[in-house]
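Q: Would you mind keeping the following structure in view while I ask a few things?
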Amino acid sequence: MEKIAYACFCTDVLHEGHRNILREAKKRGTVVAGVLSDREMVRYNRFPIISLEERIALLENEPEVSRVIVQDTIMYDGVIAELRPDFVIHGDNWRGGPMSSIRRNVLKNLERMGGELIEVPYTWNPAVKKIDERMKERLVMPEFRRRRLRRLLDIVPIVKTIEVHDGLTGLLAEKTVVEHEGGLDQFDALWISSLCDSTAKGKPDIELVDMSSRIRTIDDVMDVTTKPIILDADTGGLIEHFVYHVHTLERMGVSAVILEDKIGLKKNSLFGTEVEQQQDTIEHFAAKIAAGKEAQRTDDFMIIARIESLILEKGLADALERAEAYVAAGADGIMIHSRRKEPAEVFAFADAFRKRHPAVPLVAVPTSYCAVTEAELQSHGINIVIYANQLTRSAFPAMERTAKSILQHHRALEADAGLMPFKEIIRLIDDI
Ligand code: SPV
Ligand code: MG
């Protein structure tokens, strides 16, 4: 019986390096090519530019390939048990970083089931580099980035979103990949928080940092990332101004804005009823949503309505009544906010809302009820989770500790042990 040589691809384009792998596979037997599923491509931080069907066709067109299968997990346990390949072929570029856990998994499975790993020297030349750069270029283009949030909502069970407020936090959110529960994981989307954007500028979160300045932050983040951006647009301001902002943000490639139903001098929600805050009327806020939807020019852009009833202790019935009106006005999603330590009121809202609207995306921001897991949120129908301020809150104490240590010791030595060498920080920055 002819031997089986298996190689899995998580790419939207085939270049010389991939063809080299296919040729090496062909030398050893019948070539079965794997195509990684959309969901796993995303978890692996390779957002698919073309569809699964197109990726299958790409490999079917290669003369060496006898059969194409879909590999649904990044780890090889399932595919090796089912296919029993005699050889697994892979480029040798997976020996370091999070990819090395996939290599270990392949070796473990081959040892158990029989079979040999063949590692082909990774092909890196100007032509391959150019193709790689072209693919990255497509990901950063506004029309592609804008659409990416809606695509994610179809692909992943819950869109994991992290706060960023400058190029560096953007890079961290873009590139951090961890090995987790037998797979790889990374963040799906970026949250430009009004609180953290204002705080980074040393200003209070009261809509003092104006849209021009927020756009500057978005642009800094966009310049070094590809992931979709959800903007915290506070109250959206005057309806007459909001419609212009929708145009600008949509053109830039922002995927969604979240507008909160407050009016007057907005204060941060985490203050709750400790400070004077006023909720907008249902009619006026619904009119703002409708005006924004009317102004947008693509089907990609999303306007998500944020309900502050629970923050302001107006109760579940008020939150649900508002949700109904905002969806009727055209909102593409609902964010329900809470500052309780437990997620019970968020779950109660989500369960009731889901009965009436099975498909409207729901967003949660578990800052105060931080013990909740993504799986629990997901089981109550939440589609987007936003970790809204954790990067800022972890960076500040570290910086404060360092500042105090230098002042206390009149030198930097004592602080130095806790510092990352700059060489490691700048590894995030791409060469051009
Ligand atoms: C923000 O991050 O600015 C938010 C979320 O609006 S919260 O701070 O919890 O109100
Ligand atoms: Mg905010």
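For every residue, the table says whether it meets (1) within 16 Å of ligand 2 (Cβ to nearest atom); (2) of a type in the set (D, E, K, R).
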position	(1), (2)
143	no, yes
146	no, yes
157	no, no
162	yes, no
168	no, no
175	no, yes
179	no, yes
195	yes, no
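Q: If you take the residues of the range 166-208 that are within 19 Å of the chain's Cα centre (by Cα), among the aliphatic types (A, V, I, L, M) and not in a strand (DSSP E or B), which of them is farthest from ligand 1 (Cβ to nearest atom)? Give the steps one after another, and end with the answer.
A: Quick first cut of the range 166-208, residues within 19 Å of the chain's Cα centre (by Cα) only: 166-181, 183-194, 196-197.
Retained after the next criterion (residues that are among the aliphatic types (A, V, I, L, M)): 168, 171-173, 177-178, 184, 189-190, 192.
From what's left, not in a strand (DSSP E or B): 168, 171-173.
Values: 168: 18, 171: 20, 172: 17, 173: 14 Å.
Once the filter is applied, the top-ranked residue is 171.
Q: When you look at residue 298, is it among the polar types (S, T, N, Q), touching a residue at least 60 places away in the same chain (Cβ under 8 Å) and farther than 21 Å from residue 388 by Cα, yes or no?
A: Values: among the polar types (S, T, N, Q): yes; touching a residue at least 60 places away in the same chain (Cβ under 8 Å): yes; farther than 21 Å from residue 388 by Cα: yes.
Judged against the criteria, residue 298 is a match.
Q: Could you run through the range 39-53 and say how many residues are touching a residue at least 24 places away in the same chain (Cβ under 8 Å) and acidic (Asp, Glu)? If you could, list the steps in order and put the result at the bottom.
A: Narrowing the range 39-53 to residues touching a residue at least 24 places away in the same chain (Cβ under 8 Å): 39-50.
Narrowing the set further to residues that are acidic (Asp, Glu) leaves 40.
Of the residues in that region, 1 qualify.
Q: Also, I was wondering about something else. Got a sec? Which of 104, 145 is under 21 Å from residue 223 (Cα atoms) and not aromatic (Phe, Trp, Tyr)?
A: Details: 104 fails: under 21 Å from residue 223 (Cα atoms).
That would be 145, the only listed residue that is under 21 Å from residue 223 (Cα atoms) and not aromatic (Phe, Trp, Tyr).
Q: When you scan the range 236-243, do you find a residue that is surrounded by fewer than 23 Cβ atoms within 10 Å (Cβ to Cβ), within 16 Å of ligand 1 (Cβ to nearest atom) and modelled with pLDDT of 95 or more, even just one? Before you say what the answer is, go through the steps one by one.
A: So in the range 236-243, the residues surrounded by fewer than 23 Cβ atoms within 10 Å (Cβ to Cβ) come out as 237-243.
Retained after the next criterion (residues that are within 16 Å of ligand 1 (Cβ to nearest atom)): 237.
Next, only the ones that are modelled with pLDDT of 95 or more stay: 237.
Scanning the range 236-243, I find at least one residue that is surrounded by fewer than 23 Cβ atoms within 10 Å (Cβ to Cβ), within 16 Å of ligand 1 (Cβ to nearest atom) and modelled with pLDDT of 95 or more, so the answer is yes.
Q: On the given criteria, is residue 407 away from ligand 2 (no atom under 16 Å from the Cβ), part of a helix (DSSP H, G or I) and crowded, with 16+ Cβ neighbours inside 10 Å? Reasoning before the result, please.
A: Working: away from ligand 2 (no atom under 16 Å from the Cβ): yes; part of a helix (DSSP H, G or I): yes; crowded, with 16+ Cβ neighbours inside 10 Å: no.
No: the conditions fail for residue 407.
Q: Within the range 306-319, does at least one residue satisfy the condition of being surrounded by fewer than 16 Cβ atoms within 10 Å (Cβ to Cβ), at positive phi and either touching a residue at least 40 places away in the same chain (Cβ under 8 Å) or under 28 Å from the mean Cα position of the chain (by Cα) (or both)?
A: Scanning the range 306-319, I find at least one residue that is surrounded by fewer than 16 Cβ atoms within 10 Å (Cβ to Cβ), at positive phi and either touching a residue at least 40 places away in the same chain (Cβ under 8 Å) or under 28 Å from the mean Cα position of the chain (by Cα) (or both), so the answer is yes.
Q: All but one of (1) touching a residue at least 12 places away in the same chain (Cβ under 8 Å); (2) buried (at least 20 other Cβ atoms within 10 Å of the Cβ); (3) part of a helix (DSSP H, G or I) hold for residue 248; which doesn't?
A: Failing condition for residue 248: (2).
Q: Residue by residue through the range 261-284, note down the ones that are loosely packed, with under 15 Cβ neighbours inside 10 Å, modelled with pLDDT of 95 or more and within 15 Å of ligand 2 (Cβ to nearest atom).
A: Answer for the range 261-284, where residues must be loosely packed, with under 15 Cβ neighbours inside 10 Å, modelled with pLDDT of 95 or more and within 15 Å of ligand 2 (Cβ to nearest atom): there is none.
Q: Do you know which residues across the range 355-402 are assigned to a helix (DSSP H, G or I), closer than 17 Å to residue 270 by Cα and among the hydroxyl-bearing types (Ser, Thr, Tyr)?
A: If the condition is that a residue be assigned to a helix (DSSP H, G or I), closer than 17 Å to residue 270 by Cα and among the hydroxyl-bearing types (Ser, Thr, Tyr), then 392 is the only one that fits.
Q: Considering every residue within the range 209-219, establish whether at least one is part of a strand (DSSP E or B) and under 22 Å from the mean Cα position of the chain (by Cα).
A: Here is the first cut: in the range 209-219, the ones part of a strand (DSSP E or B) are none.
No, the range 209-219 contains no residue that is part of a strand (DSSP E or B) and under 22 Å from the mean Cα position of the chain (by Cα).
Q: Scan the range 185-213 and report the pairs whose first residue is in contact (Cβ under 8 Å) with a residue 40 or more places away in the chain and more than 19 Å from residue 395 (Cβ to Cβ) and whose second residue is near ligand 2 (Cβ under 9 Å from one of its atoms) and of a type in the set (Lys, Arg), with Cβ atoms within less than 9 Å and a gap of 6+ or a chain change.
A: Qualifying pairs under 9 Å: 206/266; 207/266.
Condition check ((1) closer than 11 Å to residue 259 by Cβ; (2) in contact with a helix residue (DSSP H, G or I) (Cβ under 7 Å, 6 or more places away or on another chain); (3) not acidic (Asp, Glu)) across all residues:
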{"site": "271", "(1), (2), (3)": "no, no, yes"}
{"site": "279", "(1), (2), (3)": "no, no, yes"}
{"site": "289", "(1), (2), (3)": "yes, yes, yes"}
{"site": "307", "(1), (2), (3)": "yes, yes, yes"}
{"site": "314", "(1), (2), (3)": "no, no, yes"}
{"site": "327", "(1), (2), (3)": "no, no, yes"}
{"site": "337", "(1), (2), (3)": "no, yes, yes"}
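Q: Turning to a different aspect of this structure: Specify the residue that is nearest to residue 366 (Cα to Cα); the eligible residues are those in the range 280-338 that are of a type in the set (Phe, Trp, Tyr) and not in a loop (DSSP other than H, G, I, E, B). Spell out how you get there, then give the answer.
A: Our first condition is that a residue be of a type in the set (Phe, Trp, Tyr); within the range 280-338, this holds for 285, 301, 326.
If we keep only those that are not in a loop (DSSP other than H, G, I, E, B) as well, we get 285, 326.
Values: 285: 24, 326: 22 Å.
Among them, the one singled out is 326.
Q: Looking at the range 1-86, what helices (runs of 4 or more DSSP H) fall wholly within it and have at least 3 residues that are over 22 Å from the mean Cα position of the chain (by Cα), of a type in the set (A, V, I, L, M, F, W, C) and more than 20 Å from residue 155 (Cβ to Cβ)?
A: In the range 1-86, the matching helices (runs of 4 or more DSSP H) lie at 16-26, 77-83.
Q: Additional query: Can you tell me which of 348, 364, 375 is under 19 Å from the mean Cα position of the chain (by Cα), surrounded by fewer than 21 Cβ atoms within 10 Å (Cβ to Cβ) and among the aliphatic types (A, V, I, L, M)?
A: Details: 348 fails: under 19 Å from the mean Cα position of the chain (by Cα); 364 fails: surrounded by fewer than 21 Cβ atoms within 10 Å (Cβ to Cβ).
Only one candidate passes the filter, namely 375.
Q: How about the range 247-288: which of its residues are out of contact with any Asp or Glu (no Cβ under 9 Å at 6 or more places or on another chain) and within 30 Å of residue 223 (Cα to Cα)?
A: Result: 247, 248, 249, 251, 254.
Q: Being within 19 Å of residue 308 (Cα to Cα), of a type in the set (Val, Ile, Thr) and surrounded by fewer than 17 Cβ atoms within 10 Å (Cβ to Cβ), is that true of even one residue in the range 201-222?
A: So far as the range 201-222 goes, yes, one or more of its residues are within 19 Å of residue 308 (Cα to Cα), of a type in the set (Val, Ile, Thr) and surrounded by fewer than 17 Cβ atoms within 10 Å (Cβ to Cβ).
Q: Also, I was wondering about something else. Answer yes or no as to whether residue 379 is within 16 Å of ligand 2 (Cβ to nearest atom), among the polar types (S, T, N, Q) and at pLDDT 95 or above. Talk me through it step by step, then tell me what you get.
A: Details: within 16 Å of ligand 2 (Cβ to nearest atom): no; among the polar types (S, T, N, Q): yes; at pLDDT 95 or above: yes.
Taking the combined requirement at face value, the residue does not satisfy it.
The values are calculated or read from the model by the stated rules, or taken from the named source; none is laboratory data. Bear in mind that the values here come from a model prediction, so they are computed numbers and not experimental data. Heads up, the Cβs are rebuilt from the backbone with ideal geometry, glycines too, and the neighbour counts pull from every protein chain shown.
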